[in-house]
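The values are calculated or read from the model by the stated rules, or taken from the named source; none is laboratory data. Quick caveat, the model's predicted, so the values are computed rather than measured. Note that we place each Cβ from the backbone using ideal geometry, even for glycine, and neighbour counts take in every protein chain shown.
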Amino acid sequence: MKPVQDEDKGFGGKRSWISYAVWAEFLRPRFQVAAGAVGSGDAIMITQGIRIRPHEVAKGWHVSYGMRIYKVLHVDDSVPGELILTCKEVVT
């Protein structure tokens, strides 16, 4: 889903989304351990890899699958004929 900022009428524009249907393959989730603040322990970041056919997509876009929404953190276009999106689930 591509974010679109509506016209600003003095109070800030409203964000809406344009949806596109594309083929996707969900890869295994990736778990990363990151050191937290002093004394708070470790934090775990879970990212989801999604493989799609070449299509317009950019960092900050969203992917909707079932009842889940993922935010695109990175787009890897290093392999011809496919894109790998690194995403993080958006908690609403």
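When you scan segment 13-46, how many residues do you find that are small (Gly, Ala, Ser) and either modelled with pLDDT of 80 or more or assigned to a strand (DSSP E or B) (or both)? So the count comes out to 7. The condition of being over 27 Å from Asp6 (Cβ atoms), β-branched (Val, Ile, Thr) and modelled with pLDDT under 90 does not hold for Ile84.
This table checks each residue for (1) basic (Lys, Arg); (2) in a strand (DSSP E or B); (3) touching a strand residue (DSSP E or B) at 6+ places or on another chain (Cβ under 7 Å); (4) over 15 Å from Tyr20 (Cα atoms).
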{"site": "Glu56", "(1), (2), (3), (4)": "no, no, no, no"}
{"site": "Lys59", "(1), (2), (3), (4)": "yes, no, yes, yes"}
{"site": "Val63", "(1), (2), (3), (4)": "no, yes, yes, no"}
{"site": "Ile69", "(1), (2), (3), (4)": "no, yes, yes, no"}
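Among the residues making up segment 71-86, those that are over 20 Å from Ser16 (Cβ atoms), in a strand (DSSP E or B) and hydrophobic (A, V, I, L, M, F, W, C) are Leu73, Val75, Leu83, Ile84, Leu85. Selection over segment 51-66 of residues that are touching a residue at least 24 places away in the same chain (Cβ under 8 Å), surrounded by 11 or more Cβ atoms within 10 Å (Cβ to Cβ), of a type outside the set (A, V, I, L, M, F, W, C) and under 16 Å from Glu89 (Cα atoms) gives a count of 4.
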